[in-house]
Amino acid sequence: MNNIINNMYISELEEYFLDLGEKKFRAKQLFEAIHKQKIKNLDKLTTFSQDLKDKINNSSEIYGVKKVLELKSKLDETKKYLFELHDENVIESVLMKYKYGYTVCISTQVGCKMGCAFCASTKKGLIRNLYASEMLDEIYEIERLNDINVSNIVLMGSGEALDNFDELIRFIELISAKEGKNLSKRNITISTCGLADKILKLAEYDYPITLTISLHNADEEDRKKIMPITRKYPFDELIPALKEYQAKINKRISFEYVLIDGLNDSYQSALDIKNLLKDIKSHINLIPLNKIKEYDEEPSTSENINKFKKYLEDFGFNVTIRRELGADINASCGQLRNNYLEQ
Ligand code: SAH
């Protein structure tokens, strides 16, 4: 196996240095250099002799990202990045500025196999999983490029994080390591289309992250039409899994709901949500559909969005309408990569 040194825990780096015939304490030094000082090139590592650096360079890889394109929104401070990986695949990440700090939305896979009808990321299928180091470097590279410290991470870019479970766990552990970036797990949000078995597996880790479910329709038959994953994980599996997750983690679960004109924005759709989520402490985030060329439907009108919000609030739900950031730069996932691949 390759020694991907920016994908390794300190304990693994210790093994690696011992195998090289070096001292164990080098592991923590290298880990700090990668995850705290955010070096990308060993040349900058002044505490290591050239000899040692050569040894490391000859026996390891660093899998990160390289900027291909940066788009800046003229409407707000959102920036969207197209990054290239070591194997020339490309992914997208988004930097958003909020009052409380910087948030980065990262991709977790190259492409996606979930097949949601309205989502650009899935249109060319799944190419491969990202390594934790590549997910980390989406964030570190944005920090380096902008000279900022990112405080919140959302795993809501291209891909299905729970379909890349082992690297997801590694990513969470690495980014929250006290010897590294030391990001609070509370500041991580994971969005999923609802892989019930993986949600139960995630519960075992007891992370205080925010879990977000992409719901988009609370009528099972209608949800199947736009989210084929519903066939594999029907509501009678998903909902009990969410309840079990919540019993263990005891945090509100968020639900994303993309509003599509005439398709899921009626009073009946709101009633369906009420019935489905009645025993779950939830927060609902309404998102007007972002138009993509492969999907013909229209976003709900702002009048209907407000009406829908009111129905849900009257049922006692906690609801927000997602502020659109970077509307002028195709900031929703997958579109930039698709345009790039189609050039
Ligand atoms: N696989 C994960 C995360 C990726 S998608 C998931 O399904 O949650 C991130 C969010 O953007 C999801 O809620 C997804 O449904 C939503 N989304 C995808 N395409 C969209 C579009 N065209 N307009 C609005 N939201 C979209």
Consider the stretch 263-282. How many of its residues are outside any helix (DSSP H, G or I) and either closer than 18 Å to G316 by Cβ or away from the ligand (no atom under 16 Å from the Cβ) (or both)? 7
Can you tell me which residues in the stretch 210-248 are assigned to a helix (DSSP H, G or I), in contact with an Asp or Glu (Cβ under 7 Å, 6 or more places away or on another chain) and not basic (K, R)? T230, F235
Are any of the residues in the stretch 196-210 under 22 Å from A247 (Cα atoms), touching a strand residue (DSSP E or B) at 6+ places or on another chain (Cβ under 6 Å) and hydroxyl-bearing (S, T, Y)? yes
Residues located in the stretch 180-195, provided they are over 13 Å from the mean Cα position of the chain (by Cα) and either part of a helix (DSSP H, G or I) or away from the ligand (no atom under 16 Å from the Cβ) (or both): G180, K181, N182, L183, S184, K185, R186
Among the residues of the stretch 145-179, write down those that are within 14 Å of the ligand (Cβ to nearest atom) and closer than 17 Å to L202 by Cβ. I153, V154, L155, M156, G159, E160, A161, L162, D163, N164, F165, L168
Which members of the stretch 246-265 meet the condition of being surrounded by fewer than 15 Cβ atoms within 10 Å (Cβ to Cβ), over 24 Å from R323 (Cβ atoms) and of a type outside the set (A, V, I, L, M)? K248, N250
Does the stretch 326-338 include one or more residues that are among the aliphatic types (A, V, I, L, M) and closer than 29 Å to D272 by Cα? no
Looking only at the stretch 106-119, and only at residues there that are within 22 Å of D87 (Cα to Cα) and crowded, with 16+ Cβ neighbours inside 10 Å, the one that is farthest from the ligand (Cβ to nearest atom): V110
Of the residues that sit in the stretch 120-144 and are within 11 Å of the ligand (Cβ to nearest atom) and among the polar types (S, T, N, Q), which one is surrounded by the most Cβ atoms within 10 Å (Cβ to Cβ)? S121
Considering only the stretch 1-39, how many residues are of a type in the set (K, R), in a helix (DSSP H, G or I) and surrounded by 15 or more Cβ atoms within 10 Å (Cβ to Cβ)? 1
Consider I148 carefully, then state whether it is farther than 17 Å from L341 by Cβ and under 15 Å from the mean Cα position of the chain (by Cα). no
Among the numbered conditions (1) buried (at least 18 other Cβ atoms within 10 Å of the Cβ); (2) assigned to a loop (DSSP other than H, G, I, E, B), tell me where M96 comes up short. (2)
Within the group L341, L336, which residue is part of a helix (DSSP H, G or I), more than 14 Å from the ligand (Cβ to nearest atom), at pLDDT below 95 and under 21 Å from M114 (Cα atoms)? L341
Applying the selection to the stretch 284-305, what residues are surrounded by 13 or more Cβ atoms within 10 Å (Cβ to Cβ) and more than 15 Å from the ligand (Cβ to nearest atom)? T301, N304
Counting only residues that are at pLDDT below 95 and part of a loop (DSSP other than H, G, I, E, B), which one in the stretch 40-75 is nearest to I175 (Cα to Cα)? K40
Starting from the stretch 85-103, take each residue that is without any contact (Cβ under 8 Å) to a residue 24 or more places away in the chain and list its partners that are assigned to a loop (DSSP other than H, G, I, E, B) and not β-branched (V, I, T), counting only C-beta distances under 8 angstrom and pairs at least six apart or across chains. K97/D76; K97/E77
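The values are calculated or read from the model by the stated rules, or taken from the named source; none is laboratory data. Not measured: the values here are computed from a predicted model. Reconstructed Cβ throughout: ideal geometry from the backbone, glycine too, with neighbour counts over all protein chains shown.
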